[in-house]
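Derivation of every value follows stated rules applied to the coordinates shown; laboratory data play no part. It should be emphasised that the depicted structure is a prediction, and the values quoted were computed from it without experimental measurement. Ideal geometry is used to build each Cβ from the backbone, glycine not excepted, and the neighbour counts take in all protein chains shown.
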Amino acid sequence: MKDGKDIVAKNISELRVAAGLTQLAFAEALNYSDKAVSKWERAESVPDVFTLKRIADLFGVSVDYLLESKHPVAREPRVISEKKKRQHRYIRAISFFSVWLLAVIYFVVHLIFLPEARIGAWHSFIYAIPVSATVELVLSSLWGSRKFKFAVISVLIWGIILSVHLTLLATLSVNIWLIYILGAPAEAVVLLVAGLTREKNGGGAGES
């Protein structure tokens, strides 16, 4: 009788191959590293129960299916289609360019009707940075795509700080450059969490 690890490894590998996914694509869908997937498929480790549930949901099978060596009824793995992925990319692009279209509209209207205003028209492009980052974070959370999550969070942090700086500079006529010091510990936290996540997904989490 096959060892439990071997059974899970065989089932995961067969489902992944049948779905036409590389180890890297499969790992990204689960927010894990391809090294972790490789260990699962070599039966060197087993995903934890929560990850097994995510894998089962991804392929449209039950958790029991992953644990059983024999499957009386063949199943067609269900994964996010390439068409759906392309739709997500289009929606991301539309959302991104919509934000910057609004920034351009504000810029043009500002120059035409408010040429003497203290907050410059070009500030709209700075404000568009944190807005774009926020939209990307929301879409990534909805679709489970977190490949560049920490990079986007960093952009959001510095975009907000720069926007606040420019706004207060324009309204208070003071240089509050010290506000950028706030970004240093915030960025440090982001980098540490990113490192911890990579360490966890690279083989430390969900293994036995």
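Mind checking the full-extension length gain between Asp34 and Leu139? Use 0.36 nm per residue of separation minus the Cα-Cα distance, one decimal, nm.
Gain on stretching Asp34 to Leu139: 35.5 nm.
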Quiz item: With each label point set 7 Å from Cα along the Cα-Cβ vector, what nm distance links Glu68 and Ile126?
Solution: 6.2 nm
Quiz prompt | Sites Asp3 and Leu196 - FRET efficiency at Förster radius 30 Å, r taken between beta-carbons, to 0.05 | solution = 0.45
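Return Leu168, Leu30 ranked ascending by Cβ neighbour count within 10 Å, so the fewest neighbours appear first.
Taking fewest neighbouring Cβ atoms as first place, the list is Leu168, Leu30.
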Quiz item: Tell me, in nm to one decimal, what length is gained between Leu24 and Ala93 on full extension, where the rule is 0.36 nm per residue of separation less the Cα-Cα distance?
Solution: 22.5 nm
Exercise. List the relative contact order of the stretch 4-80 as a percent without decimals, with contacts defined as Cα pairs under 8 Å and 6+ residues apart.
Key: 37 percent
